[in-house]
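A short worksheet on the structure shown next.
The values are calculated or read from the model by the stated rules, or taken from the named source; none is laboratory data. Remember, predicted model here, so these are calculated numbers, not experimental data. Virtual Cβ from ideal backbone geometry, glycine too; neighbours counted across all protein chains shown.
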Amino acid sequence: MPPHPVRILVVEDNATLRADVLDALRSAGFEAQVSTTLAMARVAAESHCDLILLDLILPDGEGLDLCRELRAAGRSIPIIMMTGMDKPEQRVAGLDAGADDYVVKPFHIPELIARVRSILRRTGKSGMGSFVKHLDLWIDADQVAAGRGTTTFKLKPREFDLLSFFIRHPGRAWTRQELLDQVWGHTFEGDARTVDLHVRRLRAKVEPNEESPHYLETVWGVGYRMTMKWPEDSDEIQPMPPPSTPVRREVSSGNPRSEEQEQGQ
């Protein structure tokens, strides 16, 4: 049975910042859950999460209230406060309320991820980010393993890399050139047909029905996308999915119907 992924609750009402933080967390290998109000955050915090990124000012209250409530209830879950207020007394108030760290907007996203990793190390979360779960699919980078539920796929190295990339970046459509750059690297000299070939191979191993793929969607005129929709035959509890990144319309290179060529192994 795969290990439980590191789960982070992001409490932020600003859509742009929220999308940036979610993308960075998933790229770093974390599972992220979203709340946009204090009321939603209170409910979400009742479920398991390993760390909370908490906005100070929310539409229906202050993040400090949730921080105080969790500490009063004996919950030691790490909390990083996110706020646009930079006065020393406001930082002191956040730390006194029980926050473990405090970042001021606008902050550098890589620095935020570094702070997340640092706090998780201090709380004993070893190997964080190596296991990632999306819907009922999962990857374990440490074991170079991937699967669906209790089923483990038999993937070649490049197939594993491609599936890992899709699982870490769900909901966004990627052009074939972007996938070549991200998965094969900028120095790879193959063409778009390489991506088409590996997507077909992945579908044959990942999809319950490769003739009608569910997970790896074709976005005509763009490329491919990992779905945000749960499969109908999943036995797992299906939470509300996080918001997806809007599709960027780009001109696709390559023909999805072109002949297969053995490249990029």
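Points worth noting:
- Of the listed requirements (1) without any contact (Cβ under 8 Å) to a residue 60 or more places away in the chain; (2) of a type in the set (A, V, I, L, M, F, W, C); (3) under 26 Å from L137 (Cα atoms), A32 misses just one: (1).
- If you go through the range 18-61 and keep only what is surrounded by fewer than 18 Cβ atoms within 10 Å (Cβ to Cβ) and in contact with a helix residue (DSSP H, G or I) (Cβ under 9 Å, 6 or more places away or on another chain), you end up with D20, D23, A24, S27, R42, I57, P59, D60, G61.
- Only one entry in R75, R42 is of a type outside the set (A, V, I, L, M), over 24 Å from R168 (Cβ atoms) and in a helix (DSSP H, G or I), namely R42.
- Of all residues in the range 64-88, those being modelled with pLDDT of 85 or more, out of contact with any Asp or Glu (no Cβ under 8 Å at 6 or more places or on another chain) and farther than 20 Å from L17 by Cβ number 10.
- Taking residues in the range 86-108 that are over 15 Å from S76 (Cβ atoms), and partners anywhere that are of a type outside the set (S, T, Y) and assigned to a strand (DSSP E or B), the pairs with Cβ atoms closer than 7 Å and at least 6 places apart or on different chains are D86/V104; G94/M81; Y102/M81; V103/I80; V103/M82; K105/M82.
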